[in-house]
Amino acid sequence: MSRILITSALPYINGIKHLGNLAGSMLPADVYARFMRARGHEVLYICATDEHGTPAELAAAKAGQDVRTYCDEQHEVQKNAGDTFGLSYDWFGRSSSPENRALTQMFCEALDKNGLIEERTDKMVYSIDDGRFLPDRYVEGTCPHCKFEKARGDQCDNCGRLLDPTELIDPYSAVSGSRNLEVRDTKHLYLLQTKVEPQLRAWIESKTEWPQLAKSIAMKHLEEGLIDRGITRDLKWGVPVTKDGQPREGFENKVFYVWFDAPIEYIGATQEYFNAQGDADGWKSWWRLDQGADDVTYVEFMGKDNVAFHTVSFPATIIGSNEPWKMVDTLKAFNWLNWYGGKFSTSMNRGVFMDQALELLPADYWRWYLISQSPEGSDSSFTWEQFQGAVNKDLADVLGNFVNRITKFTETKMGGVVPDGGEAGELEEKLYADLSVLLREATEAFEAMEMRKAAQAVRAIWVLGNVYLQEAAPWTALKTDAVRAGVVVRHGLNLVRLFAVLAQPLIPFTAEKIAATVGASLPLDWPTTDARAELSKLASGTSVASGEVLFKKIDEDMLADWAARFGGGEG
Ligand SMILES: Nc1ncnc2c1ncn2[C@@H]1O[C@H](COP(=O)(O)OP(=O)(O)OP(=O)(O)O)[C@@H](O)[C@H]1O
Ligand SMILES: [Zn+2]
């Protein structure tokens, strides 16, 4: 048994998340966490809302709320949506927690002591009409690299480059739209990343096993060259800046930059989790190499725009602190899930959001679609037709139909129990052989976090079951050879159980229902590749109950309705 720490990129607080956010971080992390638990590992899956920074202030202002109240409410909304989607976080924390505040201040002070923090006078964009500095997303304009016209002050959404607000061409205020801007002096703390570059490079280069997308983005940022990074902002909402535990002189009206404190919240949320259990030291064995964390494997999940922060900025903070913190072992990054030719967007309200999705269909329908179409190798696009196909074909026709057919047959023709007697024949031997191969494929794909491959392998196992049942045809056998029919039905029911086991990480709610049809309940251990043994797990005589229909199909009317409501379908 291993200890596995899993984090997904912190969903930002400015409103409920869309399907792109789910597909690119939270959902695959959940699938991996559930898989690893089924493998018998000790898993700690941590997430939190990312609450600081300009977009939260802007969103709160738009909602007419103070930012604390806004964050309190939105955190609950996101927590509930996550629960309903089956995101099995061990803890869903908040980057505005006291734990994260203390840790963030501690990291900065440690960096300062190690000579890696410098006060610099900066030129910042100041809005004369708004009467304030415009950090990060408060200013928008044209990207100096790719000429995208709606680049934000901190990052260009088009080319992904990190930006400084003063670099923008033709900038304007995101608060008022005013172009009456000037550049003024203001003092900020800089993290001297250039000084830790050699250690950082050595660390990244040693990570030969990282999945390709994360590794290539990390290397690209190294090749572009590191810069010293401003880690404070002229804002009110955030972690206050300290020195020796007291407000830092000259920084009373400033806070840390959100990307400085957000990744630290992975640790902060772990503290929140253990503090909530009255175990104030429990977090240390997950994060401190000097307190037992050396056997932890740490895996991070995120969309591609977050990779730079997780491979360069956050590691620079940790390395620079010169303390024995656990660092990430594997980063799994995702490309974009796109929405009809463009991006899903919270600020532009483009796409389907988690709460809306759940009004249409239960979580498992979305989970299956999003994982089986995961934007892994390249960007992928959501389409209503593909969604319909994934639900109607994979879930209803292949999986749902199998379970329903064999359990119903057992109820009506086999006395409602797992039949006894008879020996496996040729068809069963072939089934064992084919199934062993696919079980290995599925397990390896989940281990490697290759979500599409994992879903494909699981689907191939569902198909294999259908082919077996079709060939072995217990309904025909029953007419001449009841024992043979019993052998087939017993294998069919064991396949049902196995389908439940394999469905656990992907579609956990349905997995529970499938297991119940053959008298099993979750959690069930992940299968070995010994297919013969896996198909002998159900005791003869176990009661079988077909239960409700597992999936309803999406018809053309529903599709047209949704396309009209959400604006998809025209692209
Ligand atoms: N369309 C997408 N496809 C895949 N991953 C995405 C997509 N949009 C965001 N992500 C990822 O979702 C995670 C959470 O993102 P976050 O809450 O910060 O939203 P965001 O990136 O600001 O999205 P938006 O700009 O639409 O609000 C991040 O890891 C991000 O990279
Ligand atoms: Zn750009």
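Has segment 46-59 got any residue that is over 19 Å from W286 (Cα atoms) and touching a His at 6+ places or on another chain (Cβ under 8 Å)? Talk me through it step by step, then tell me what you get.
Step one: of segment 46-59, the residues over 19 Å from W286 (Cα atoms) are 49-59.
Next, only the ones that are touching a His at 6+ places or on another chain (Cβ under 8 Å) stay: 49, 51.
The answer is yes; a qualifying residue exists.
Mind listing whichever residues of segment 306-355 are among the polar types (S, T, N, Q), under 19 Å from T383 (Cα atoms) and not in a loop (DSSP other than H, G, I, E, B)?
Step one: filter segment 306-355 for residues among the polar types (S, T, N, Q), giving 306, 311, 313, 317, 321-322, 330, 335, 338, 345-347, 349.
Okay, now just the ones that are also under 19 Å from T383 (Cα atoms), so 335, 338, 345-346, 349.
Once the filter is applied, which keeps residues that are among the polar types (S, T, N, Q), under 19 Å from T383 (Cα atoms) and not in a loop (DSSP other than H, G, I, E, B), segment 306-355 yields N338, S345.
Any idea which of E423, E429 is in the same structural domain as W462 (by TED's automatic domain parsing), surrounded by fewer than 16 Cβ atoms within 10 Å (Cβ to Cβ) and farther than 23 Å from V544 by Cα?
Values: E423 fails: farther than 23 Å from V544 by Cα.
From the options E423, E429, the qualifying one is E429.
Within segment 57-69, is even one residue in contact with an Asp or Glu (Cβ under 9 Å, 6 or more places away or on another chain) and surrounded by 23 or more Cβ atoms within 10 Å (Cβ to Cβ)?
No, because not a single residue in segment 57-69 is in contact with an Asp or Glu (Cβ under 9 Å, 6 or more places away or on another chain) and surrounded by 23 or more Cβ atoms within 10 Å (Cβ to Cβ).
Within the set of pairs 6 or more residues apart or between chains, which connect a residue that is not assigned by TED's automatic domain parsing to the domain that holds G486 inside segment 391-414 to a residue that is in a helix (DSSP H, G or I) and hydroxyl-bearing (S, T, Y) with Cβ atoms less than 9 Å apart?
none
Conditions tested, residue by residue: (1) at pLDDT 95 or above; (2) in contact with a His (Cβ under 8 Å, 6 or more places away or on another chain); (3) not aliphatic (A, V, I, L, M).
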| position | (1), (2), (3) |
| --- | --- |
| S347 | no, no, yes |
| F353 | yes, yes, yes |
| A357 | yes, no, no |
| L361 | yes, no, no |
| D364 | yes, no, yes |
| Q373 | yes, no, yes |
| V391 | yes, no, no |
| D394 | yes, no, yes |
| V398 | yes, no, no |
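What are the residues in segment 165-176 that are touching a residue at least 60 places away in the same chain (Cβ under 8 Å) and either crowded, with 21+ Cβ neighbours inside 10 Å or within 30 Å of K113 (Cα to Cα) (or both), if any? Talk me through it step by step, then tell me what you get.
In the first step, residues of segment 165-176 are kept if they are touching a residue at least 60 places away in the same chain (Cβ under 8 Å); the result is 174-175.
The answer is A174, and nothing else.
Restricting attention to segment 328-346, and to residues there that are more than 21 Å from T208 (Cβ to Cβ) and more than 6 Å from ligand 1 (Cβ to nearest atom), which single residue is nearest to the chain's Cα centre (by Cα)? Step through it out loud before you land on a result.
Filtering segment 328-346 for residues more than 21 Å from T208 (Cβ to Cβ) gives 335-346.
If we keep only those that are more than 6 Å from ligand 1 (Cβ to nearest atom) too, we end up with 335, 338-342.
Details: N335: 12, N338: 16, W339: 18, Y340: 22, G341: 23, G342: 21 Å.
Out of the qualifying residues, it is N335.
I need the full set of residues from segment 524-558 which are modelled with pLDDT under 95 and not small (G, A, S), in order please.
Initial filter on segment 524-558 (modelled with pLDDT under 95): 547-549.
Once the filter is applied, which keeps residues that are modelled with pLDDT under 95 and not small (G, A, S), segment 524-558 yields E548, V549.
Only one residue in G519, G547 is touching a strand residue (DSSP E or B) at 6+ places or on another chain (Cβ under 8 Å) and assigned to a loop (DSSP other than H, G, I, E, B). Which one? First the steps, then the outcome.
Values: G547 fails: touching a strand residue (DSSP E or B) at 6+ places or on another chain (Cβ under 8 Å).
Only one candidate passes the filter, namely G519.
Please go through (1) within 16 Å of ligand 2 (Cβ to nearest atom); (2) over 30 Å from the mean Cα position of the chain (by Cα); (3) of a type in the set (D, E, K, R); (4) within 29 Å of E265 (Cβ to Cβ) for R137 and return the number of the only condition it doesn't satisfy.
Condition (2) is where R137 drops out.
Exactly one of these conditions fails for E512: (1) part of a helix (DSSP H, G or I); (2) acidic (D, E); (3) not assigned by TED's automatic domain parsing to the domain that holds L464. Give me its number.
(3)
Every residue, every condition in (1) within 16 Å of ligand 1 (Cβ to nearest atom); (2) in a loop (DSSP other than H, G, I, E, B); (3) under 34 Å from the mean Cα position of the chain (by Cα); (4) free of Cβ contacts under 8 Å to residues at least 60 places away in the same chain, yes or no:
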site	(1), (2), (3), (4)
H145	no, yes, yes, yes
F148	yes, yes, yes, yes
S178	no, yes, no, yes
T186	no, no, no, no
Y190	no, no, yes, no
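Is it true that A151 is among the aliphatic types (A, V, I, L, M) and more than 10 Å from ligand 2 (Cβ to nearest atom)? So that I can check it myself, show each step before the final result.
Values: among the aliphatic types (A, V, I, L, M): yes; more than 10 Å from ligand 2 (Cβ to nearest atom): no.
The answer is no for A151.
Do we find that D157 is within 16 Å of ligand 2 (Cβ to nearest atom) and either in contact (Cβ under 8 Å) with a residue 40 or more places away in the chain or within 30 Å of E249 (Cβ to Cβ) (or both) in this structure? Even if it seems obvious, please write down each step before you answer.
On the way: within 16 Å of ligand 2 (Cβ to nearest atom): yes; either in contact (Cβ under 8 Å) with a residue 40 or more places away in the chain or within 30 Å of E249 (Cβ to Cβ) (or both): yes.
The answer is yes for D157.
I'm trying to understand the selection: among the residues of segment 308-327, which are farther than 18 Å from L191 by Cβ and either within 11 Å of ligand 1 (Cβ to nearest atom) or of a type in the set (D, E, K, R) (or both)?
The one that is farther than 18 Å from L191 by Cβ and either within 11 Å of ligand 1 (Cβ to nearest atom) or of a type in the set (D, E, K, R) (or both): K326.
The values are calculated or read from the model by the stated rules, or taken from the named source; none is laboratory data. Keep in mind it's a predicted model, so treat the numbers as computed, not measured. Please note: Cβ atoms are built from the backbone with ideal geometry, for glycine as well, and neighbour counts cover all protein chains shown.
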